[in-house]
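**Student:** Here it is: the structure, laid out below.
The values are calculated or read from the model by the stated rules, or taken from the named source; none is laboratory data. Note that the structure is a prediction, hence the values are computed from the model and not measured. Counting neighbours? That spans all protein chains shown, and the Cβs are built from the backbone with ideal geometry, glycine included. Please note that ligands, DNA and RNA were not included when accessible areas were found on the heavy atoms of the full protein model with its side chains. Shrake-Rupley method; radii C 1.70, N 1.55, O 1.52, S 1.80 Å.
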Amino acid sequence: MREYLLTLCITAAVTYLLTGPVRKFAIVAGAMPEIRARDVHREPTPRLGGIAMFFGMCAGLLAADHLTNLNEVFEKSNEPRALLSGAALIWLIGVLDDKFEIDALIKLGGQMIAAGVMVMQGLTILWLPVPGVGTVALTQWQGTLLTVALVVITINAVNFVDGLDGLAAGMVCIAAAAFFMYTYRIWYSYGIEAAAPATLFAAVLMGMCLGFLPHNMHPARIFMGDSGSMLIGLVLAAGAISVTGQVDPDVMKLFSGSERNTVHQMVPVYIPLLMPLTIIAIPAADFVFAVVRRTWRGQSPFAADRGHLHHRLLQIGHSHSRAVLIMYFWAALIGFGALAYSVNSASMWIVLGIVFLSFIGLVLLLLPRFTPRAPRWAQHLVPPRYRRRRAATAPAASTPAPSNPAAPAPSAREAHDTCGVAAGVAGVNGATAVGPHSR
């Protein structure tokens, strides 16, 4: 565990220290695209944050290769080299897209090639534990197709959710933390060395996200861009593929005792099928909804819009920071809920706790719809959004008559600039709830 934590800290430190110089390089290189219709930020912000994340990953893998225990991962498995090869290819495509805005089909082809490179070097799904059937061995073509599909879906799911400051990095970090605890338990408790590469990938991924988050939290000073979102999506998929298709369930020796005990003991075997889905549950749901929504409208599935889950949270009335925290909450609930259920599936308290936390999450989602209003004697003690609206005064009293009848009437823009924005106005939230938007 000490070596895993040391690898995590080295990855986070290198990523954090490199993000500042990378930001200056992105500004000089002109990687600051104009604000698009679907963007939430209001000022041009440099991209290319994936450069710092990639070199942080390289530093973490290099440090792990020189550690006593983690060195065995590189000696007994070729998966770290496969990950580095695929990550370098997908990172290069992302850097080109951040600078030159390459076509979506070209990016899709690059994602498939990166997945194929990892498959050629041994990072592929060899078998699947199917409930009621057992371990099913896959042919070479079946394993390749399933691996490529999982990589492409995960990369695009993470890329789609990267729409708010700190959202993608934070959600992937939470998912990687749950995945690290799960794979470390398989490696340490059952003594299965095949789970060590996935544990290393999760630790490196956590370091990448933790090192980049301080620069990316709202208001963000730099974006990770496609070079970062596709990179962390690939690393997340690589860990899921490693623990799903490389760990043999028969090694766990769980088939013993009564039939009921066997069912409960087999939960850790079936969890590899569910854990990769739970850690990307929210990004995957956003990805599926986006494809269905755009196809239903007759648009391309890659056409950008403002219908993602984080956009809908802003439309409901949540502030930027609150929307990000709500997405964090649901990601942690799904990921760590699945982890807790894999540890003790027979405990009713775990199920009840998940249900209770889900209820709290629903209340947080609908909070702007039921915004409480403070009584008049407590108006000065609460934020402006909880105060009662004042009754509108007569136009004659609110708008003074011009002293010069020949002077032209003020335009709508001038009138808006000279008056404030009332608290509680629909569509105004967060830092703009008490004043006008800055020019």
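**Student:** Quick check on my filter: what residues within region 164-195 are surrounded by fewer than 24 Cβ atoms within 10 Å (Cβ to Cβ) and hydroxyl-bearing (Ser, Thr, Tyr)?
**Tutor:** Tyr184, Tyr188, Ser189, Tyr190
**Student:** Go through region 65-102 and count every residue that is part of a helix (DSSP H, G or I) and either polar (S, T, N, Q) or over 13 Å from Val117 (Cα atoms) (or both).
**Tutor:** Narrowing region 65-102 to residues part of a helix (DSSP H, G or I): 65, 71-76, 79-100.
If we keep only those that are either polar (S, T, N, Q) or over 13 Å from Val117 (Cα atoms) (or both) too, we end up with 65, 71-76, 85, 91-100.
Residues in region 65-102 being part of a helix (DSSP H, G or I) and either polar (S, T, N, Q) or over 13 Å from Val117 (Cα atoms) (or both): 18 in total.
**Student:** One residue is enough: does region 143-156 have a residue meeting the conditions touching a Gly at 6+ places or on another chain (Cβ under 8 Å), among the hydroxyl-bearing types (Ser, Thr, Tyr) and surrounded by fewer than 24 Cβ atoms within 10 Å (Cβ to Cβ)?
**Tutor:** Checking region 143-156: at least one residue is touching a Gly at 6+ places or on another chain (Cβ under 8 Å), among the hydroxyl-bearing types (Ser, Thr, Tyr) and surrounded by fewer than 24 Cβ atoms within 10 Å (Cβ to Cβ).
**Student:** Within region 206-246, take every residue that is more than 21 Å from Ala114 (Cα to Cα) and outside any helix (DSSP H, G or I) and give me the one that is most open to solvent (accessible area, probe 1.4 Å).
**Tutor:** Restricting to residues being more than 21 Å from Ala114 (Cα to Cα) and outside any helix (DSSP H, G or I), the top hit is Arg221.
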